[in-house]
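Here is the structure we will look at, set down as structure tokens.
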Amino acid sequence: MKTKTLLLFAAAFCFRSLFAADVVLNDFEAGSPTVTPLYGAEFSVVANPNTTGNSSAFCGQIARTTTNWWEMVNFAVNFTVPANASQYVHILVNYPIQPALSIQLNNNGQIDQSNAYTNIGQWQDIVFEIQGGTDGVTVTSLSMMTDRNSALVTDTYGYMDNVILNNEPLPNGASFLTGNNLYDFEPGTVNNITGVSTYSSANDIITYPIANPFTTGINNTANCLKRTAVDPSQWWSGFEFTFLNPVLVDATHKYIHFMVTAPYDGQTILYNVKQGGSYVLTEQPYAVSTANTWEDVVIDVSALTYISGFRIELGDPNGTLAGDYYADQIWIDGDPNPRTNVTTGIQKLTENSKVFASGKNICIENGSSDTYVEIYNFKGQRVLGKNINSAETIPMNYSGLYLVKIGTQTTKVLVK
């Protein structure tokens with residue numbers, strides 16, 4: 001039997017309380033609120049099919065029976081979110097596919113998941129942000145859609161459990177994404193994002209990563225994204241993603257930067273910033289002043305608590321002209337001024353950095369965050385590629401000569 005109220009230590013981030021009260025809204029054990037399936041959904045309480053990551057005895061089993069994306073299950077709750085504040089509903093889910101999940105409060109509206117479900121066939125905590133708005137909101141009914149996109153039909157079931165309300169925006173066990181280099185179309189940041197979507201017609205194709213065609217300007221990085229505008233019926237093509245771990249907004253993380261080009265002077269692109277499951281900055285315009293020249297767009301996000309996703313719309317709602325549009329270098333820092341010289345898609349170590357062996361470890365010191373390191377063995381085979389922090393010890397399985405590559409710097413290291 002699960003406990004109805006839990007006290008958990010919060011992770012080491014200053015904006016969280018020392019303790020956070022978890023209020024269990026439904027755990028599908030004896031005495032829990034009755035669940036009503038709606039619009040064709042199927043629901044039953046069953047024995048937990050996978051106790052790894054969730055030791056509960058029982059959980060909810062859900063499925064769609066038609067192609068209606070709005071099939072859902074509903075149960076009674078009772079909580080209030082104060083004005084100008086947010087609280088968070090957490091739901092443990094276990095699906096055989098990657099679903100698109102949303103909840104509905106008081107039989108009205110739709111709140112999308114803040115984080116993507118990525119652990120197929122395993123329990124994972126999915127978060128939904130509940131905003132109090134200007135007047136606060138009292139919630140008496142909560143519904144979860146079985147799956148808005150995929151054909152989760154009869155005999156293909158998903159599971160839900162431990163519906164909890166608290167003040168924690170992060171999924172259980174997650175931490176905020178640290179560093180500044182959020183995504184730059186280089187190998188070092190590909191693991192920062194998930195749930196990538198591209199929006200384009202058959203002619204207006206989004207392609208990434210491709211070689212940077214304008215390396216003589218302020219952006220000399222290796223790779224970027226390209227949109228070729230051909231079809232006048234679709235004025236924009238877009239690139240959208242969710243951060244695998246959200247980005248905390250603080251004194252050194254309050255201005256998003258990203259670089260763009262357009263094929264004509266004055267062409268407009270738009271950007272969108274997501275907090276939780278919703279975009280809070282939507283279709284913000286930026287006019288590229290000079291054609292085929294990288295420009296750094298600066299977005300003030302200091303009013304947000306955290307950032308969970310991003311979308312770039314490459315095209316002008318007032319009339320997109322044919323040609324190639326490029327985007328690159330999604331970055332966050334405390335500087336409101338545009339960047340003027342980006343020489344690599346990954347941060348390099350400082351000149352006085354040290355790369356050396358200690359036992360069967362390769363040690364790197366005096367780096368900066370988001371430094372991407374590649375290690376090759378004497379046969380030229382890559383054995384590791386990852387971001388490191390300011391100092392890190394990397395164990396090697398075998399003795400021998402290794403090449404450590406950091407940006408354009410390569411160091412030979414003998415591991416004995």
ask   = Mind checking whether some residue in region 106-114 is out of contact with any Gly (no Cβ under 9 Å at 6 or more places or on another chain) and outside any strand (DSSP E or B)?
value = yes
ask   = Is one or more of the residues making up region 210-231 surrounded by 15 or more Cβ atoms within 10 Å (Cβ to Cβ), in contact with a Ser or Thr (Cβ under 6 Å, 6 or more places away or on another chain) and within 27 Å of residue 120 (Cα to Cα)?
value = no
task = Please work out which one of (1) touching a Pro at 6+ places or on another chain (Cβ under 8 Å); (2) of a type outside the set (A, V, I, L, M); (3) crowded, with 19+ Cβ neighbours inside 10 Å is the condition residue 267 fails and give its number.
result = (1)
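Yes/no per residue for (1) assigned by TED's automatic domain parsing to the domain that holds residue 301; (2) within 29 Å of residue 130 (Cβ to Cβ); (3) not hydrophobic (A, V, I, L, M, F, W, C):
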residue	(1), (2), (3)
244	yes, yes, no
248	yes, yes, no
253	yes, yes, yes
265	yes, no, yes
269	yes, no, no
276	yes, yes, yes
280	yes, yes, no
283	yes, yes, yes
note = Among residues of region 121-140 being in contact with a strand residue (DSSP E or B) (Cβ under 9 Å, 6 or more places away or on another chain) and surrounded by fewer than 16 Cβ atoms within 10 Å (Cβ to Cβ), the residue nearest to residue 170 (Cα to Cα) is 122
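The values are calculated or read from the model by the stated rules, or taken from the named source; none is laboratory data. Remember, it's a predicted structure, so these values are computed and weren't measured experimentally. Virtual Cβ from ideal backbone geometry, glycine too; neighbours counted across all protein chains shown.
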